[in-house]
Amino acid sequence: MSGPFSRLQRELEERASSGLLRRRHTLTGPQGTRIEVDGKRYVSFCSNDYLGLASHPRIIEALQSGAMRYGAGSGAAHLVTGHSLAHDRLECELAAFVGKPSALLFSTGYMANIGVVQALVDRSDTVFADKLNHASLNDAMLLSRATVRRYRHNDLDHLEKMMDEAEAGQRLVITDAVFSMDGDRALLPEILELCERHDAWLLIDDAHGFGVSGAKGRGSISHFGMDSPLVIYMATLGKAAGVFGAFVAAEKIVIDTLVNKARSYIYTTATPPALSVALSESLVLIDEADEARAHLKVLTMRLRQSLKDLKWRLMESDTAIQPLLIGGNEEAMDISMALRERGIWVAAIRPPTVPSGTARLRIALSAQHDLSDIDRLAEALHELAR
Ligand SMILES: Cc1ncc(COP(=O)(O)O)c(C=O)c1O
């Protein structure tokens, strides 16, 4: 190969030789705890479909009726003619659901994070970010051109020191509520206290808390029983909510600012209205899902109990994300492959998604699992450890 292609070839080969080459697997059926890949069936511990709503018949029906009423595509950006009654209704429902005055839909969580940070801060301001934040928050702060300060994971003394030292200008703290690759929670009430003392915004990314944490699945704000007008709440709708998209909920003036300034909101086509119809149904199902959330807790405890003597350590987490720390990239891949041979699919997560030397199996639980699925996974891991 020559010219620009040879560089790409070299980079891919380097990735392959360090066990970091990524590739996709094609599912031939719906998402769930049972998946079919290349004609073979597996028990899966990989999806973020924590409540098992991705294939729920009531959501599928709502999606179909939404398509019958609104068609397949929105055809325009929200600020042109893409904003439908279905979007509008869902925004009102989402705001009420999480107890905020106003809400705005985005196409994805990635775009929501990029849009919020870029709309709220600029070169003269400072963003403070937990070192283990999701890539979308990291990209958002870099694109905003604000000064960036990254504090050690959940280290509030470090954050406070940085906030005290910051230059004049607006301060914005951004954090995952439930860390996507670690499963632990940000110390949100304490972070909020620091924000209040410094007149700083707090952007909470609750991709993995919405629907699962808090009373009736209201999310991490409800989990901690906290709130403030300074909190800007972002959650995704393609995980526990089972469909697609994301929203930001905040004071009305913040939402009006996003409508006017957030580029990833303005310069993109609105999502198909049928998705919003499906998501309205999903909110009803989340509200009704107390039993599923209780079952998820039982599964989590069973997994932690069954793996407590294993040579690999489950990371500290009380959520549906239960990462098993392995360390080396190749070892993590080998264990993941050996599980696959036993009909169990657990994704190995490697750098740069996680820090070097901390490759892990990200075990994600769903209310659709039953106790025998957990026992099967635990037995397989014990066998591999021997
Ligand atoms: C913490 C966190 N924030 C944001 C996102 C991005 O959301 P979306 O998939 O809707 O783009 C994800 C995962 O995808 C996530 O885990």
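Quick check on the chain: of the DSSP beta bridges with both residues there, what percent are antiparallel, nearest 5%?
Bridges in the chain that DSSP calls antiparallel: roughly 55 percent.
Quick one: what are the phi-derived ³J(HN,Hα) couplings along region 275-292, Karplus 6.51/-1.76/1.60 with θ = phi - 60°, whole Hz, x for glycine and proline?
Result, ordered by residue: 5, 5, 4, 4, 5, 4, 5, 4, 4, 5, 5, 4, 4, 8, 8, 4, 5, 4 Hz.
With all distinct Cα pairs included, what does the Kirkwood hydrodynamic radius of region 297-386 come out to in Å, to one decimal, could you say?
13.1
Going by C-beta contacts inside 10 Å, put 345, 312 in order with the fewest on the left.
Going from sparsest to densest Cβ surroundings: 312, 345.
For the charge dipole of region 57-287, defined by +1 on Lys and Arg C-beta atoms and -1 on Asp and Glu C-beta atoms about the Cα centroid, which residue among 201, 276, 253 has the Cα displaced farthest towards the positive pole?
Positive-most Cα among the choices belongs to 276.
Could you work out the relative contact order of the chain? I mean the mean sequence separation of Cα pairs under 8 Å and 6+ apart, divided by the number of residues, in percent.
The value is 23 percent.
About the Cα centre of region 77-131, how large is the charge dipole given +1 on each Lys and Arg Cβ and -1 on each Asp and Glu Cβ? Please answer in debye to the nearest 20.
Using Cβ point charges on Lys, Arg, Asp and Glu, region 77-131 gives about 60 debye.
Could you size up the charge dipole of the chain around its Cα centre, putting +1 on the beta carbon of Lys and Arg and -1 on that of Asp and Glu, and report it in debye to the nearest 20?
1000
Once you have the alpha carbon radius of gyration of the chain, what is it after dividing by 2.2 N^0.38 Å, with N set to its residue count?
Here the answer is 1.00, to two decimals.
Just going by the charge dipole of the chain, with Lys and Arg at +1 and Asp and Glu at -1 on Cβ, which of 351, 3, 71 is farthest out on the positive end?
The residue sitting most towards the positive pole is 3.
Straight-line reach from residue 252: which aspartates and glutamates have Cα under 13 Å away, leaving out those fewer than 8 places along the same chain?
The qualifying aspartates and glutamates are 91.
For region 57-287, what is the relative contact order in percent, using Cα pairs closer than 8 Å and at least 6 residues apart in sequence?
The normalised contact order for region 57-287 reaches 31 percent.
Along region 310-327, what does the Karplus equation 6.51 cos²θ - 1.76 cosθ + 1.60 (θ = phi - 60°) give for ³J(HN,Hα), rounded to whole Hz, x for Gly and Pro?
5, 5, 8, 9, 6, 6, 5, 6, 10, 9, 6, 9, 10, x, 9, 6, 10, x
Count the DSSP beta bridges whose two residues both fall in region 57-287, then state the antiparallel fraction as a percent rounded to the nearest 5.
Of the beta bridges lying entirely in region 57-287, close to 40 percent run antiparallel.
Report, in debye and to the nearest 20, how large the dipole of region 104-218 comes out about its Cα centre when Lys and Arg carry +1 and Asp and Glu carry -1 on their Cβ.
Here region 104-218 has a charge dipole of around 300 debye.
Please list, by residue number, every one of the chymotrypsin sites (Phe, Trp or Tyr not before Pro) in region 228-299 that is coil in DSSP and has at most 11 other beta-carbon atoms within 10 Å.
267
Students often forget the sequence filter, so: which lysines lie under 20 Å Cα-Cα from residue 308 once same-chain residues fewer than 8 apart are removed?
297
Which FRET efficiency value, to the nearest 0.05, do you get for residue 215 and residue 7 by plugging their Cβ-Cβ distance into 1/(1 + (r/R0)^6) with R0 = 41 Å?
0.20
Which value, in Å to one decimal place, does the Kirkwood hydrodynamic radius take for region 57-287 when every pair of different Cα atoms is included?
Computed over region 57-287, the radius equals 17.6 Å.
With Rg and the Kirkwood Rh both taken from Cα atoms, where does Rg over Rh land for region 174-219?
1.01
Laboratory data are not the source of any read-out in this text; all were calculated from the coordinates shown. All values derive from a computational prediction rather than experimental measurement. All Cβ positions, even for glycine, are placed from backbone atoms using ideal geometry, and neighbour counts span all protein chains on display.
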